[in-house]
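Taking it in order: structure first as structure tokens, then the write-up.
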Amino acid sequence: MTRISLKVDGQNVSDDVEPRTLLVHYLREQLGKTGTVIGCDTSNCGACTVHLDGRSVKSCNVLAVQADGSEVTTIEGLSANGRLHPVQEAFRECHGLQCGYCTPGMIMQSVDLLQENPHPTEEEIRLGLEGNLCRCTGYHNIVKAVQYAADNGGGDK
Ligand code: FES
Ligand code: FES
């Protein structure tokens, strides 16, 4: 076992993990952060996307020990002071979800995309989300949601 210490959704945590433990399993199984979901075992779907030191990563593709000393934000830590993040609000407003399974990853990836490029074109949004799959094929409204977020301060946070 290896001791890791990191900050997750604003809280300091310290735990013993096996060196092979994936970050997504650590978040879900040891911290109970089940808002971050697993949609594949091939690192393709992006459902497990979180922020590691402010940048989006597929948490099934990162070992928990690699996050030692870092700051992780999950979908559960995105809202602040009881208010949804503008990107969360935009997904709700534009109905950017159907079953919702891809939504945590889509939102985390969209937040990162807008931090990099606060006013993306439709093509840039589609390219930015190409690593995230929606099995319900709800891409049209997802893109609309990111555009709506961009127009409503989603890239400002
Ligand atoms: S669960 Fe991580 S990419 Fe699919
Ligand atoms: S809304 Fe169902 S997988 Fe995207």
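Of the residues in the stretch 102-129, how many are surrounded by fewer than 20 Cβ atoms within 10 Å (Cβ to Cβ) and over 22 Å from Val72 (Cα atoms)?
So the answer is 7.
Residue by residue, here is whether (1) within 13 Å of ligand 1 (Cβ to nearest atom); (2) among the β-branched types (Val, Ile, Thr); (3) more than 16 Å from the chain's Cα centre (by Cα) holds:
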{"residue": "Met1", "(1), (2), (3)": "no, no, yes"}
{"residue": "Val24", "(1), (2), (3)": "yes, yes, no"}
{"residue": "Asp41", "(1), (2), (3)": "yes, no, yes"}
{"residue": "Val50", "(1), (2), (3)": "yes, yes, no"}
{"residue": "Val57", "(1), (2), (3)": "yes, yes, no"}
{"residue": "Gly69", "(1), (2), (3)": "no, no, yes"}
{"residue": "Val72", "(1), (2), (3)": "no, yes, no"}
{"residue": "Ile75", "(1), (2), (3)": "no, yes, no"}
{"residue": "Leu84", "(1), (2), (3)": "no, no, no"}
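Is it the case that the stretch 71-85 has a residue that's farther than 15 Å from Asp9 by Cβ, surrounded by fewer than 24 Cβ atoms within 10 Å (Cβ to Cβ) and out of contact with any Leu (no Cβ under 9 Å at 6 or more places or on another chain)?
yes
When you check Gly39 against the structure, is it out of contact with any Pro (no Cβ under 9 Å at 6 or more places or on another chain) and either under 20 Å from Asp112 (Cβ atoms) or not assigned by TED's automatic domain parsing to the domain that holds Met108 (or both), yes or no?
yes
The values are calculated or read from the model by the stated rules, or taken from the named source; none is laboratory data. In this text the structure is predicted, and so the values were computed from the model without any measurement. Cβ coordinates were reconstructed from backbone atoms using ideal geometry, including for glycine residues, and neighbour counts include every protein chain displayed.
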